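Notes follow once the structure below has been shown.
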Amino acid sequence: MIEMLLATALLDTVIAVPGDGTVQVHEWGVVTFIEGSVVPGSDPATVSHWQTPFQQDPEQEMVVRAPVVYFYGPAFSGTFVVRAGSASFIETWPTPASMTDGPCATASWNIIGTSAREEGGTPGYPPGTGCIPEDLLELWREPLSKNLLFDDGGSESFIYYECSIDGGTGAWDPVRTSEDGFSLDPDYAGPVMSFARDGGSVVMVDPPEEEVIETLCDWAEGTMKTKELEGMWATWEEWIYGGSWQGDTLLIFPLPQSTVEGITGIELITDGMMEILYSRFFLGVLSV
């Protein structure tokens with residue numbers, strides 16, 4: 001595993017310093033473009049263990065495993081809503097208060113209060129309640145975000161959801177789709193991490209391996225916390241270096257906000273008048 005001690009040397013703030021009454025909503029995710037399916041998600045186990053999505057006809061249905069969402073700032077109560085368009089939700093954590101499928105699919109969580117968390121704080125849901133592996137739950141709980149108290153009496157430090165959406169060509173800038181599959185736009189001039197097969201192993205071609213977290217911080221342009229990016233990389237590192245992806249080369253790159261907003265929409269509706277600052281950071285993963 002790549003050492004993540006760079007955290008002590010990196011600023012853990014956002015570019016625009018929010019006011020005291022600003023609630024910050026941070027969301028990270030990884031979108032894989034592999035074998036005819038687009039899968040935005042947090043957990044690479046869905047790639048290696050659930051093979052069905054990667055064998056589907058892209059004209060039919062794609063599985064969307066969406067990111068981890070954190071909340072920071074002052075105490076609040078209200079409702080967090082995920083809008084996924086013409087989708088069907090598959091899995092959520094914790095269980096939402098309401099959920100609908102169809103042309104205007106939404107999932108909503110009623111947050112009746114929040115509290116500050118100390119490192120190592122215990123969530124209010126027992127192990128094994130959902131389908132997310134306990135080691136990932138513990139990893140995703142490491143950022144010291146607000147502790148969320150839900151109307152079912154449980155508490156958690158993040159929200160996670162996944163859903164399936166209709167397939168088709170889609171607009172996944174800077175990725176292009178065709179009958180032959182996915183490819184990176186030939187005019188794309190943005191940053192890329194690249195990994196290549198070397199005998200029976202996978203090696204990082206660019207940038208240097210020890211600069212991964214610093215590179216992610218640069219790509220996020222200060223909008224995400226270092227612990228969040230460390231968790232993102234720790235979640236996916238084993239899958240990347242395990243080589244359980246197709247092709248000879250794996251490319252990783254930041255997705256523009258227009259692509260992110262085309263996948264899902266999120267909204268925090270607080271009970272009182274509060275400013276909300278959203279930071280959504282998605283990576284694209286493409287094997288070639």
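Data overview
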read-out	value
³J(HN,Hα), Karplus 6.51/-1.76/1.60, whole Hz, each residue of segment 271-280, x for Gly, Pro	5, x, 6, 9, 7, 10, 10, 9, 10, 10
Two-site label geometry, Glu238 and Ser194: point separation in nm, points 7 Å out along Cα→Cβ	2.9
Most to least packed among 191-203, 239-251 [average Cβ atoms within 10 Å]	239-251, 191-203
Label-point separation in nm, Asp20 to Glu210, each point 7 Å along Cα→Cβ	4.3
Approximate spin-label separation Glu221-Met273, in nm, with each point projected 7 Å along Cα-to-Cβ	3.0
Placed amide H near Ile90: partners under 5 Å, 5+ positions off or other chain	Glu162, Cys163, Ser164
Selected from Ser258, Gln246, Gly222, residue furthest toward positive end of dipole (segment 191-288; charges at beta carbon)	Gln246
Other-chain or far-sequence residues with amide H under 5 Å of Ile111's (modelled H)	Gly78, Thr79, Phe80
Fully extended contour minus Cα-Cα distance, from Glu142 to Ser183, at 0.36 nm per residue	11.3 nm
Cα-Cα P(r), segment 199-288, percent of pairs per 10 Å interval	13, 40, 31, 11, 4, 1
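Read-outs throughout are calculated quantities, based only on the coordinates presented, and are distinct from any laboratory measurement. Not measured: the values here are computed from a predicted model. Glycine also receives a Cβ, built like all others from the backbone with ideal geometry; neighbour counts cover every protein chain displayed.
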